[in-house]
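Down below is the structure, laid out as structure tokens.
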Amino acid sequence: MTNLSIKRKLLIYNIFIQILILMLFSFSIYKTLEISSKDKLEATLKVILLDVADDIIEHKTNLHATNFDEEKEYKFKPLYIRLVKLEDTYKEVKSTYFPKDINSENNYLKNLILNRIDFEYQEHYIISRLKIQMDDDYVVEVATNFSTIDSTLENLIYILLFIVPVILVLSIIGGYFLVYKSFLPIEKLLQNLKNINASDLSKRLESKNKNDEIDLLSQEINNLLQRLEISFEKISQFSTDASHELKTPLTIIRGEIEIALRKDRNQDEYKETLSNCLDELITIQQTIDDLLFLAKNEHEVLEQNEEEIYLDEVSLEAYKEMQAFAKLKNIKLHCEIKEPLQIKGHHKLLKIALKNILKNAITFSHENSIVTISNYKEENNNVICIEDKGIGISKEDQEKIFDKFYRTDKSRNKESGGTGLGMSIVEKIVKIHKGTIELESEENQGTKVFFRFRIEE
């Protein structure tokens, strides 16, 4: 049964459950009818017994003249009536063919309570007794067999034997129809899923907006397909970007080595070749590290626990660590912190983003100019602003500045030593911190970069 489909398992379970329910239902009806028939029989015997007792008391002076004709009067057959007198042993006074296989013990009869009807069930009979007192103690017995009850119950069994299989067949057909209709949307869902493969994840399952379980399942599968599509696109983009960016430095390294091997070189020439190769290898390593960071999903980056971080501390650390680079470029760094601001996030990641922006600001600033990093609160946002007085960014370049491997014309020659991934990394880090990044720039006037983090209530 473990190899059966869920549909067939449900059909089999449905049959078993229906059989069990019908058996319990039939048994309940049988027992209910049996109990009600016995109650009705007891009520009838009680009426007849009281009628017989009244006749006996009325003819107590001549008991033998009493006629037990209640069977004809009540049209109730079979009916057995007997009057016994209680002495040391009971003595039959008058009866109507009272069956000999009905056991009546003398002690039992003597212990009957006066003027109270008592019922006794024996193997084939039900006996009603009433103890009365005249000159002596007498017991009136009225009995009948179970033929009426047996006949009624037998008819019920015949009816159930006919009706139960019909109901069972109808319930099985109904169950099959219900299972078929229930699984039809799932089968269509499976058929649509078979048409979706890794080469084309853009297809989506049809959603009818019924808000039932199948529709919710379709929506969740569509969400899963969307996440898979994004992941596949990231992998594909990573492969494309990596091959594109690694091709140039690898070609340079190969060219340097091939040139060096064409003839014997002196020590300085070999050192120059190795130095050039090392520079290109450093570029390759930095490119791979940046690509791996960008390829990570957000939840992978957020595996480290968030903590309360102070923007002034992050800004001061980035400011101090970039001082040496600024001096090298003859740029002055200035830090303005108006008040300590606090957000939830990752100290190291945010410092990387700030240092990337500071490096760009320093690289593309005019000599002896000032680069300023400032922290302040603006309406419902905590803001970090980095301002330079450099060459600026054109409006056309501003729209593409966050694209991977994009470099403005002024930096395309790689004099900055960058990989073209810095701004993409900055944008991702800011988004991880649920913030926004904005640019304000004019050519030959300078650039302002704003990090805005919404203040949590």
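The values are calculated or read from the model by the stated rules, or taken from the named source; none is laboratory data. On a predicted model such as this, the values are computed, not experimentally measured, just so you know. So basically every Cβ, Gly included, is an ideal-geometry build from the backbone, and we count neighbours across all protein chains shown. To get the accessible areas, we keep the full protein, side chains included, count just its heavy atoms, and leave off ligands, DNA and RNA. Shrake-Rupley method; radii C 1.70, N 1.55, O 1.52, S 1.80 Å.
Restricting region 431-455 to residues that are touching a helix residue (DSSP H, G or I) at 6+ places or on another chain (Cβ under 8 Å) and among the aliphatic types (A, V, I, L, M), which is farthest from residue 352 (Cα to Cα)?
439
Considering 2, 61, 32, 44, which residue is part of a loop (DSSP other than H, G, I, E, B), open to solvent by 30 Å² or more (accessible area, probe 1.4 Å) and either hydroxyl-bearing (Ser, Thr, Tyr) or modelled with pLDDT of 85 or more (or both)?
2
Can you pull out every residue in region 117-129 that is open to solvent by less than 10 Å² (accessible area, probe 1.4 Å) and hydrophobic (A, V, I, L, M, F, W, C)?
Scanning region 117-129 gives 126, 127.
Kindly establish whether residue 17 is assigned to a helix (DSSP H, G or I), surrounded by 13 or more Cβ atoms within 10 Å (Cβ to Cβ) and of a type outside the set (Gly, Ala, Ser).
Against the criterion (assigned to a helix (DSSP H, G or I), surrounded by 13 or more Cβ atoms within 10 Å (Cβ to Cβ) and of a type outside the set (Gly, Ala, Ser)), residue 17 does not qualify.
Does residue 71 meet the test of being within 30 Å of residue 30 (Cα to Cα), surrounded by fewer than 19 Cβ atoms within 10 Å (Cβ to Cβ) and at pLDDT below 85?
yes
Filter region 131-151 for residues that are crowded, with 17+ Cβ neighbours inside 10 Å and part of a helix (DSSP H, G or I) and give the result.
Of everything in region 131-151, just one residue is crowded, with 17+ Cβ neighbours inside 10 Å and part of a helix (DSSP H, G or I), namely 149.
Quick one: in region 339-359, of everything that is open to solvent by 60 Å² or more (accessible area, probe 1.4 Å) and touching a residue at least 24 places away in the same chain (Cβ under 8 Å), which residue is nearest to residue 371 (Cα to Cα)?
359
Return a yes/no flag: does region 327-338 have any residue that is open to solvent by 80 Å² or more (accessible area, probe 1.4 Å) and part of a helix (DSSP H, G or I).
The answer is yes, given that some residue of region 327-338 is open to solvent by 80 Å² or more (accessible area, probe 1.4 Å) and part of a helix (DSSP H, G or I).
Which of (1) open to solvent by 60 Å² or more (accessible area, probe 1.4 Å); (2) polar (S, T, N, Q); (3) within 30 Å of residue 20 (Cα to Cα) is the odd one out, the single condition residue 171 does not satisfy?
Against the list (1) open to solvent by 60 Å² or more (accessible area, probe 1.4 Å); (2) polar (S, T, N, Q); (3) within 30 Å of residue 20 (Cα to Cα), residue 171 comes up short only on (1).
Select from region 251-273 the residues that are under 30 Å from residue 423 (Cα atoms) and exposed (fewer than 14 other Cβ atoms within 10 Å of the Cβ) and write down the one among them that is modelled with the lowest pLDDT.
Per the criteria, the residue is 251.
So which of 80, 97, 90, 108 ends up being crowded, with 16+ Cβ neighbours inside 10 Å and more than 26 Å from residue 33 (Cβ to Cβ)?
Going through 80, 97, 90, 108 in turn, the sole match is 90.
Those residues that are at pLDDT below 65, assigned to a helix (DSSP H, G or I) and surrounded by 11 or more Cβ atoms within 10 Å (Cβ to Cβ), I need them from region 294-324; list them, please.
294, 295, 301
Out of the residues in region 408-430 meeting the condition of being open to solvent by less than 30 Å² (accessible area, probe 1.4 Å) and over 12 Å from residue 353 (Cα atoms), tell me which one is modelled with the lowest pLDDT.
The selected residue is 411.
State the number of residues belonging to region 89-115 that are part of a loop (DSSP other than H, G, I, E, B) and in contact with a helix residue (DSSP H, G or I) (Cβ under 8 Å, 6 or more places away or on another chain).
Count: 3.
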